[in-house]
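This report refers to the structure that appears directly beneath it.
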Amino acid sequence: MNKARGGMYLEVNTLINDDRPVYISGSFCNWNPSNSDFLMKKIGEGKYRIDFDKDFTIDNPLEYKYTKGGWEHVELDIFGNTSKNRTLEPKFKPNIDVVPLWRKNGFTPYYAETMPLVESMEMEIPQLKRVRTVSVILPSDYYRNPEKRYPVVYMHDAQNLFGKGSVYGNWEIDKRLSLLKKQGKSDVIIVAINHGEEDRQVEFSPYKNRVKGQGMRYATFIVRTLKPHIDQTYRTLSERQFTGIGGSSMGGLISIYTGMMYPESIGRLMVFSPSLWTSPKIYFDAVEFFNPMDTKIYLYGGGKESESMLPNIEKLKNTIDSQGFDSNKIEIKAELDPEGQHNEKRWGQEFPKALDWLYY
């Protein structure tokens, strides 16, 4: 067993500081989140330290986390998600850690001063002869920076993305954008399109299943009708490399389809849990029609969604990779979570990671 020599300590820098005390919790204290023996001493603004007793000994790595006195106030990663356990090695050298965010009362944390602005409008979809609510989610300081222009991401299923959400859940992208903004990121405009309720399936399907899909018309609406309107109304960076599209499930399918059909307009794709099983022809289109120009694609899927989800995502990635596109023309990141489930909460956790990779 290694014996500690004097001077072993842990130090942590907290990027978002407040007056609550900081504790360490781990296997050495039965994961008690507020054990007074492991209360850290404040040594500066946002900086805390704990010195271990000279007789403190370990012979195997110890896992630990930082808390603000309870698991409802545990440390989070830069995207507002639960962070992995840290490891204290039996080498007895100082550890200096960084905590970017803290959980608040068991919910996704957010900061009121950086919450995005939301403006809604009713848009006619001439291609489908329907009217739809479209919400424009702006950075909190959009109107304080009148010269600044922003990338845009067009997203589907707006009812499930922000605010109160829906019966199916909520991605909470407004809260997650506030966290990114607090860290100097999230300078992006999100254009969220309400789905068509009972028409959702057919609108998002590019192909014929039981009925002929209307996905091509919906995709054309986004590129030919909605995008020009947004570019004229808001201060956008309208070029394709700053224009993205994203969604989940059938919204993921129509996102990858729209990106393949309109590569001259869309260069960033956020594709979560795409319903590839409904449209095998998508692989053919990826070979025949997709001609990317400086394109980035973020693919996500969970192993607990269906038996075919992860294999289908890998097949799509391999299909695109096998075309031999220059690495300067296309980048694909496939994030596969064996434990991931098919729900809004999990997609909300992935959203800031995808946004960060696509734009920052």
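The values are calculated or read from the model by the stated rules, or taken from the named source; none is laboratory data. What you are looking at is a predicted structure, and each value in this text was computed from that prediction instead of being measured. Note that each Cβ is placed from the backbone with ideal geometry, even for glycine, and that neighbours are counted across all protein chains shown.
Details
- Taken over the stretch 55-77, the criterion of being out of contact with any Gly (no Cβ under 7 Å at 6 or more places or on another chain) and modelled with pLDDT under 90 is satisfied by Asp55, Phe56, Thr57, Ile58, Asp59, Asn60, Pro61.
- Pairs with Cβ under 7 Å, 6+ apart, first in the stretch 122-146 and assigned by TED's automatic domain parsing to the domain that holds Gly184, second among the acidic types (Asp, Glu) and in a loop (DSSP other than H, G, I, E, B): Pro139/Asp187
- Residue in the stretch 161-181 that is in contact (Cβ under 8 Å) with a residue 12 or more places away in the chain, of a type in the set (A, V, I, L, M), farther than 27 Å from Arg103 by Cβ and touching a strand residue (DSSP E or B) at 6+ places or on another chain (Cβ under 6 Å) present: no
- Search result, residues across the stretch 41-54 that are modelled with pLDDT under 90 and in contact with a strand residue (DSSP E or B) (Cβ under 6 Å, 6 or more places away or on another chain): Asp51
- Residue match in the stretch 292-313 (condition: over 18 Å from Ser255 (Cα atoms), in a helix (DSSP H, G or I) and out of contact with any Cys (no Cβ under 9 Å at 6 or more places or on another chain)): yes
- The requirement of being of a type in the set (Ser, Thr, Tyr) and not assigned by TED's automatic domain parsing to the domain that holds Gln349 is fulfilled somewhere in the stretch 84-106, by at least one residue.
- Residue match in the stretch 112-123 (condition: outside any strand (DSSP E or B), of a type in the set (Gly, Ala, Ser) and under 20 Å from Gly252 (Cα atoms)): no
- Residues that are under 16 Å from Cys29 (Cα atoms) and at pLDDT 90 or above, drawn from the stretch 78-91: Asn85, Arg86
Table: residues versus (1) in a loop (DSSP other than H, G, I, E, B); (2) at pLDDT below 95; (3) in contact with a helix residue (DSSP H, G or I) (Cβ under 8 Å, 6 or more places away or on another chain); (4) surrounded by 17 or more Cβ atoms within 10 Å (Cβ to Cβ).
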| site | (1), (2), (3), (4) |
| --- | --- |
| Lys164 | yes, yes, no, no |
| Ser178 | no, yes, yes, yes |
| Gly184 | yes, yes, no, no |
| Gln201 | no, yes, yes, yes |
| Val223 | no, no, yes, yes |
| Asp231 | no, no, no, no |
| Gly247 | no, no, yes, yes |
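- Verdict on Leu310 being of a type in the set (A, V, I, L, M), assigned by TED's automatic domain parsing to the domain that holds Thr220, within 22 Å of Tyr150 (Cβ to Cβ) and surrounded by fewer than 22 Cβ atoms within 10 Å (Cβ to Cβ): no
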